[in-house]
Amino acid sequence: MCGLAGLFLPDGAPLAEPRLERMLGIMRHRGPDGTGTHVTPDRRFMGGFARLAIIDIATGGQPLVEGDGRAVFLGNGEVYNYRELRAGLETRGHVFATNGDMEPAFRLWREKGEDFVHDLNGMYGIAVYDRDHHSLLLVRDRLGVKPLYWTRLQGGGILFASEIKALFASGLVRPEVDETAVAAWMGHGYVPAPATLWRGVSKLPQGCLLRAGRDGSVTVENYWRPTAAADVPAGHDAVVAHLTALLEDSVRLQLRSDVPLAALLSGGIDSGLLVALAARNLDRPLKTFTVRFAGARVDETPLAEAVARQWGTDHTTFDLDMGEAARHLPGLAWYCDEPLADASVLPNFLIDQLLARETRVVLNGTGGDELFAGYGRYFRLPVEQRYLRVPRALRRGMAEPLAGLADPMLAWQLRRAEKFDTDPGAYLHDHSSQFPPPIRQLLECRLSQTEPAQRGYFQAWHGERQAGILAADIGTYLPEDLLTLLDRTTMAVSVEGRVPFLDHRLVEAALAVPETTRTPGGRQKALERAMAAPFLPPEVLNAPKQGFASPVPAWFAAGLGADARALLTSPRALARGWWSKAGVERLLARPDRHAFRLYALMMLEMTIRAHAELTLDAPPTCSIRELADG
């Protein structure tokens, strides 16, 4: 887990000199264990690497350079099946200089060219320079666990990095907000790939590779999309056994580490099942950690402790107070580069700060809800079922217009109900959007609505309907929200987060399961509960899904509301024209309904301040009020 950065200049492009050391320095949180660089004699390729040493501490540094520079390889993340790849390569005569996970991937590229990606199992952002063809290849892992950003320079060069702020640190790219991206962000809570908040800066989407040629050509294409596996057995018990075996093999691979490894254990099925499978694949007690939030409505520590006892883990419970939420938010805006509307970024960051004292690698249960249908938006709401029994003419001609007079939000919620059948991608979008049309009207937002990103993923799906809805979230919400959050909060404290549920083999198998097996009778995560039944205590298996919601309304009552008013109604914020002072005041008047929306707008504004206006090389230490006044 590290950070990479570099520049590729095609033939004829004017020379450019990025501040490579500064690009690496601004990502030092991703790679505190050393840096390395390679610059070709003609300066038409240069690459740098900031290392977080996880596997092969002694000889695993990068860049990896073939011979006198014939090829250069940079890899952020982990290739989990590196031992198996290495064994196969050695039988074909390859001799290795390191014991790391990226050298087998490099050798495999030399054998197979860009098809090497199909043999990799892992999370990675990779850059390969081929001097013989003077070309660049960028690759992002199938699920998008690890980030990779790029931009095209005016002269045709390609600048790339693991974080957007590193592109800005090059001195070759000026941060400029793209208003179309802001509109997309308001609809989704993130900016869907390949766009970013910043004009001219692209994120390489999940499962994609980029080719840049010596003639200046640049192409991006998918080498993987969420698809259903063809080899999943029939029958409930056979499916349970097959998926459990795949998950256990994923866990086995992801336990590989030369530094301390642990697991985050909540009281839920996802983390409990991971801990059980990890514990029985280790020859020592697994270190597990649970966090108990002061004043939280739900305390899952008794459930977590029951799992820890059953599997004999070395368990620790931390108590955490989020009372000073405002103090951390400007720094999180800096780390994230793009505004995350997801308010769980703060508790995750605070958790990772605690974990960083104890471990360098942590297993995380992200992905279980997307594979096994753990969200309510994957099912039609009961109130929607009842409403749709009313004839459509009466719904559209009477109920919705009358509701609109009293409560425009209610009218919009009624209208979206039929999309479950007619436009499932848009239904998914509507049930996860914080700024639907009625809220935009309250804000007096002048930005136009954008196409739901989920719609395209659902329309591209060929198979059962529920699996298509899951695939749409796997292609959008998962990489753009959950995995971005995981990467930024762990990397901010130099911890590697691993996600065994997102082994592509398991993802493809889970998408092939019939709805009647995955969620019989509409029961969320029924299949995963069956998988977990042999491993977890009954009280965990039978506990209702609780999750954790950041107490944003409480933050507002404790003082964040005043900070929001100062920031969002400052002359600089209002001059952007995305909302009005009166609109912000309308939301502030009802923090019980709108606190999460106001929090999201604050993260947008602080991101712009940190990167476009202050251009900071480190997280800001000022308060939100000082940021507003600055």
- request: Could you please state how large a percent of the accessible area of the chain is carbon and sulfur, counting protein chains only and using a 1.4 Å probe?
  value: 51 percent
task: From zero up to wherever the largest Cα-Cα distance of segment 379-463 sits, split into 10 Å bins and tell me the percent of pairs in each.
output: 15, 44, 34, 7, 0
message: Accessible area per residue for the chain in Å², computed with a 1.4 Å probe and the full protein assembly in place, what is it?
response: 37 Å²
message: Give the separation of the Cα centroids, segment 547-608 to segment 310-335, in Å.
response: 23 Å
- prompt: What Kirkwood hydrodynamic radius, in Å, does segment 3-222 give when the mean of 1/r is taken over all pairs of distinct Cα atoms and then inverted?
  reply: 17.5 Å
statement: Here P(r) for segment 236-323, Cα-Cα distances in 5 Å bins, as whole percents, is 3, 14, 23, 20, 17, 12, 8, 3, 1, 0
- line: D (µm²/s, integer) via Stokes-Einstein for the chain, Kirkwood Rh across alpha-carbon pairs, 4 °C, 1.567 mPa s: value 51 µm²/s
query: Glu179: net charge of surrounding residues, Cβ under 11 Å, Lys/Arg +1, Asp/Glu -1, itself excluded?
result: +1
- request: Would you work out the charge dipole size for the chain about its Cα centre, treating the Cβ of every Lys and Arg as +1 and the Cβ of every Asp and Glu as -1, and quote it to the nearest 20 debye?
  value: 1260 debye
Relative pair counts by distance (%), Cα atoms of segment 525-630, 5 Å bins: 2, 10, 18, 16, 12, 8, 6, 6, 8, 8, 4, 0
- line: To the nearest 20 debye, segment 552-629 has a Cα-centred charge dipole, built from +1 on Lys and Arg Cβ and -1 on Asp and Glu Cβ, of 380 debye
task: Mind jotting down the distance between the C-alpha centroids of segment 121-135 and segment 388-424, whole Å?
output: 51 Å
query: Between the DSSP loop rule and a limit of at most 16 other Cβ atoms within 10 Å, which trypsin sites (Lys or Arg not before Pro) in segment 393-456 are left?
result: Arg446
task: Under a cut-off of 27 Å between alpha-carbon atoms, report the lysines in cross-link reach of Lys545, not counting same-chain residues fewer than 8 places apart.
output: Lys287, Lys419, Lys525
- request: For segment 1-52, build the charge dipole from Cβ charges (+1 Lys, Arg; -1 Asp, Glu) around the Cα centre, then report which of Leu20, Gly3, Phe45 sits farthest towards its positive end.
  value: Gly3
Per DSSP, loop trypsin sites (Lys or Arg not before Pro) in segment 473-533 with at most 13 further Cβ within 10 Å: Arg523
message: Explain nothing, just compute: Karplus ³J(HN,Hα) = 6.51 cos²θ - 1.76 cosθ + 1.60, θ = phi - 60°, for every residue of segment 203-219 in order, whole Hz, x for Gly and Pro.
response: 9, 6, x, 4, x, 10, 10, 10, 10, 10, x, 5, 8, x, 6, 9, 10
task: For n ≥ 4 DSSP H runs only, could you compute -39500 (n - 2.57) per run for the chain, divide by its residues and tell me the 222 nm figure to the nearest 500?
output: -11000 deg cm²/dmol
query: Asn121's amide H: which non-local residues (gap 5+, or another chain) put their own amide H closer than 5 Å, with H modeled 1.01 Å from N in plane and none for Pro or chain starts?
result: Tyr80, Asn81
query: Mind listing which trypsin sites (Lys or Arg not before Pro) in segment 45-136 are in a DSSP loop and have 12 or fewer other Cβ atoms within 10 Å?
result: Arg70, Arg92
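The values are calculated or read from the model by the stated rules, or taken from the named source; none is laboratory data. Since the structure is predicted, the reported quantities are computational estimates derived from the model, not experimental observations. Please note: Cβ atoms are built from the backbone with ideal geometry, for glycine as well, and neighbour counts cover all protein chains shown. Note: areas computed on protein heavy atoms with side chains; ligands, DNA, RNA excluded. Shrake-Rupley method; radii C 1.70, N 1.55, O 1.52, S 1.80 Å.
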